[in-house]
Structure formats: C-alpha cells, structure tokens
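J.: Pasting a structure below so you can have a look.
The values are calculated or read from the model by the stated rules, or taken from the named source; none is laboratory data. As the structure is a computational prediction, the values presented were derived from the model and not from experiment. Cβ atoms come from the backbone with ideal geometry, glycine included; neighbour counts cover every protein chain shown.
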Amino acid sequence: MVPEHWRTFGSRISSLTASPRRATNPVNAILNYLYALLEVQARLAAAKLGLDPGLGVLHVDTQYRESLACDLMEPIRPEVDAFVLDWLQREPLLRSYFFEERDGNCRLTSSFASKLSETAPMWARLVAPVAEWFTQQIHKSRTSQSRSRLPVQLTPATRQEKKVTSNVERELSFRRANVCVSCGKKIHSRSTNCDECAKEKRPERMIEVARLGRVVTLLPEAQAKRSATQKVNTQAVWDWNPTDYPTWLTSDLYSAKIQPRLVSLSCSSVAKRLGVSVSYADQIRKGRVPHPRHWQTLAKLVGWSRNSKPCCRNR
C-alpha cells in the first residue's frame, strides 16, 4: 500500500525537521541521497586539488560540515534536479524502492541506493571543472611572480578519457530500463506506454486531438488564413482565360490520360506544383477533378503532352 502523501511532491522542507533532512516522500529522499553523493565528490575534488574542504566561502563553517564542498556542489545542484525530473517523466517509481519508518521518514532500500550510487562518477565529472576553476582563482589572487600550477588535473585531458567518462551515464542500470507509465511493464522503445496500454488510451487521445483541432480551426488566425486562401483562389478563377490554354486538353482527355497517372505521384509533389494544400492534392489523386486551370500543370507533372499519344476530342 502506497501512502497518499508519497504520490505528490511539493516543498523540499520536511515536516519532521523543518528542513530538507529526513524526507517524508520518495522524491525528496532521492534528492537527499544524490546531493549526498555530489557532496562526497565535491569533497574529494577539493582534497585532490590541495584545498581544505572545510574552509568554505559561501557556506558558514559549522561543525560536521564540509563548507567548501557545499560551495563547489551548488552549481551542479540544477543538474541533479534535472536528472531526477527527467527520470520521473520517463518511468514511475516502484514501491520496492522505499520504506517508511514509524515517524514518517521515507528511506531508500539498500538495492535502490546501490543503483543510485552508480551516478557518482557522473557527479564527479560535473563538479571537477568547478573545483578547478575555484582553485585557479585562488592561484590568480596570489602575487604575479607566482607561476605555480595546479597539483592535479581533474578534467579529462584526452578524448579517450572523455569517452570513457561519458559511458558511465549510459551504463546506469536503472537509466537503461524503460517501463510503461501505466502498468510498469518493461518496454524497449522510447515510448511511454506498452502496446496494450497504448491501444486503450488511443481512443481517448484521438478524441482529445479532434477536440483541440476543432478549437484551433475556430481561432481568428485560422479563419483569417482560410479567408485569404479563398480570396486568392477566387481571384485565380476570375483571371483564368480558357483561350490561353490548349484546346486539345479536354475533360475527356484529362479523365482518360492524366488522372490515372496521378496515382503514382506523391501528395506533396502535387500540392507543391499546384500551390494547394496536401489534403486537396490527395483528393485530386483519388479522382476529384480540379479547376481546368490546373490541368496543364498536371499534364506536365505526369509527363503527358499532345504528341505523347493520339488524343481524344469531344465530338
């Protein structure tokens, strides 16, 4: 049974501590654990560069806190948030990932925490440039005669190292799995639903799409476009002069020689040559007889000319 307050995510503040600590819902529990991993990587990066992780700049030095590590991890916090948000949008959380203590504290199971720990190399890669930049600023603040170099380079120096580091993200086991958001069944594609659930939701989606389509067609912008198109077509009909077109191109010839060849053409090619919509071009391909001003263009499109074959004339 899933507690009702686990189904929503609001403030980061826990009702148990009036702070983010001791989360009471799964999302905050995940964020707290990933922030802890990020803090560890920031602490290690500072130590590798010869910095004291406890001497902070933005965070006040307090007991049992590595203030500099907290400073270094601040620019990477949005990356953690984006990681969790992207994950939540792609697949649902499982009840087996969490358990609740008697006081309401939401905790991660050991197996799930183990999977989340696979993201540690990713946070190390992201925090490394921040730590190096901070160290460079300290070196620049020293006397101009000092040309000391960084004790160690954290960012990859070669493309091969970058490739190995980026592969860590693709090797996260829970990131590879893609499950249906409705039933939890594993699926191989990037879709959000399995075939069975998609079939059930397809009628609902079609009804919603049709409703939105009707709303859009009634907007002033859509009506203005239809009005402008009708004016152009009406003017083209008025400007059309039958004497400017060949007399051999009759309705009988169009129906017998040109119309059957239109089936082999794509709707987009017909629409582009005639300057009409794709849906109207599809109707022409299926047998609708367009205005005579289009016949000559369609004849050229299908490769028909007066000398192609003996033409049939009205008697």
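J.: Is at least one residue of the stretch 161-180 modelled with pLDDT of 65 or more, in a helix (DSSP H, G or I), touching a Cys at 6+ places or on another chain (Cβ under 6 Å) and of a type outside the set (F, W, Y)?
T.: no
J.: Report, ordered by the first and then the second residue, all pairs with beta carbons closer than 8 Å, sequence separation of six or more or different chains, a first member in the stretch 1-19 that is surrounded by 14 or more Cβ atoms within 10 Å (Cβ to Cβ), and a second member that is small (G, A, S).
T.: Once the first residue is surrounded by 14 or more Cβ atoms within 10 Å (Cβ to Cβ) and sits in the stretch 1-19, its partners that are small (G, A, S) give I13/S19; S14/A23; L16/G104.
J.: Could you please find all residues in the stretch 284-308 being outside any helix (DSSP H, G or I) and either exposed (fewer than 15 other Cβ atoms within 10 Å of the Cβ) or without any contact (Cβ under 8 Å) to a residue 40 or more places away in the chain (or both)?
T.: Passing the criteria: K286, G287, R288, V289, P290, H291, G303, S305, R306, N307, S308.
J.: Can you name the residue in the stretch 58-91 that is surrounded by 13 or more Cβ atoms within 10 Å (Cβ to Cβ) and part of a loop (DSSP other than H, G, I, E, B) and, of all such residues, is nearest to the chain's Cα centre (by Cα)?
T.: E91
J.: Now for a different question. For the stretch 1-51, name all the residues that are part of a loop (DSSP other than H, G, I, E, B) and either touching a strand residue (DSSP E or B) at 6+ places or on another chain (Cβ under 6 Å) or among the charged types (D, E, K, R) (or both).
T.: Those that are part of a loop (DSSP other than H, G, I, E, B) and either touching a strand residue (DSSP E or B) at 6+ places or on another chain (Cβ under 6 Å) or among the charged types (D, E, K, R) (or both): R7, R12, R21, R22, A23, T24, N25.
J.: Within the stretch 101-115, restricting attention to residues that are surrounded by fewer than 19 Cβ atoms within 10 Å (Cβ to Cβ) and in contact with a helix residue (DSSP H, G or I) (Cβ under 7 Å, 6 or more places away or on another chain), which residue is farthest from W6 (Cα to Cα)?
T.: K115
J.: Yes or no: Y64 in the same structural domain as H139 (by TED's automatic domain parsing), over 21 Å from Q137 (Cβ atoms), of a type outside the set (A, V, I, L, M, F, W, C) and free of Cβ contacts under 8 Å to residues at least 12 places away in the same chain?
T.: For Y64, the condition - in the same structural domain as H139 (by TED's automatic domain parsing), over 21 Å from Q137 (Cβ atoms), of a type outside the set (A, V, I, L, M, F, W, C) and free of Cβ contacts under 8 Å to residues at least 12 places away in the same chain - is met.
J.: From the list L58, L72, which one is touching a residue at least 24 places away in the same chain (Cβ under 8 Å) and of a type in the set (A, V, I, L, M)?
T.: L72
J.: Among (1) within 17 Å of G303 (Cα to Cα); (2) modelled with pLDDT of 85 or more; (3) part of a loop (DSSP other than H, G, I, E, B), there is one condition P246 misses while meeting the rest; what is its number?
T.: (2)
J.: Which of (1) under 37 Å from the mean Cα position of the chain (by Cα); (2) surrounded by 11 or more Cβ atoms within 10 Å (Cβ to Cβ) does A224 not meet, given it meets every other one?
T.: A224 satisfies every listed condition except (2).
J.: Give me the pairs: first residue in the stretch 259-283 and surrounded by 15 or more Cβ atoms within 10 Å (Cβ to Cβ), second residue charged (D, E, K, R), beta-carbon distance under 7 Å, and six or more apart or on different chains, which are they?
T.: Here the result reads L262/R285; L265/R285; C267/D282; C267/R285; V270/R285, each pair linking the stretch 259-283 to a residue that is charged (D, E, K, R).
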